[in-house]
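Shown next, in structure tokens, is the structure this report addresses.
The values are calculated or read from the model by the stated rules, or taken from the named source; none is laboratory data. Because the structure is predicted, anything quoted here is derived from the model rather than measured. Cβ placement follows ideal geometry from the backbone for every residue including glycine, while neighbour counts extend to all protein chains displayed. Accessible surface areas use protein heavy atoms only, side chains included; no ligands, DNA or RNA. Shrake-Rupley method; radii C 1.70, N 1.55, O 1.52, S 1.80 Å.
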Amino acid sequence: MASIDHLRSGQPLNTNRSNQSKSQGTAVESSGSGEVRNHKGDAFSLSEQSRAIGAMNQQMASETHFDSAKVAAIKEAIANGSYRVDADRLASNMLKHEDELRGLK
């Protein structure tokens, strides 16, 4: 079984099973409809939600999400006791996130 240590978002996970299929020459075909077939005729298809989540994952993996200056400023504010949480803003962002997740249905 593959270890999950040191995984990073957006990077493929190589497992023994996928390596075996590659070494055995397993060919995989993908159609635009989300259906995938191998040379043995086995197939699976992704739901609309799965494709949407996959697209979001690819988009997020390609974007820069880390602002080291902002992190340093927050660490400093926490260390000196001046960091305050804006509860209304936090609640608003949580509701916005929930609304976005509901949109996937």
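Some notes on this structure:
- Contour excess over end-to-end distance, with Cα ends at residue 51 and residue 72 and 0.36 nm allotted per residue: 4.0 nm
- With all protein chains modelled, accessible area of residue 62 [1.4 Å, Å²]: 90 Å²
- A dipole drawn for segment 46-103 from +1 and -1 charges on Cβ atoms has a positive end, and of 66, 55, 95 the residue lying farthest that way is 66.
- When you filter the GluC sites (Glu not before Pro) in segment 41-83 for DSSP loop state and at most 16 other Cβ atoms inside 10 Å of their Cβ, you are left with 63.
- Per-residue SASA entry for residue 85, accessible area with 1.4 Å probe, Å² rounded to 10: 100 Å²
- Note on surface exposure: 51, 102 rank 102, 51 by accessible area, highest first, 1.4 Å probe.
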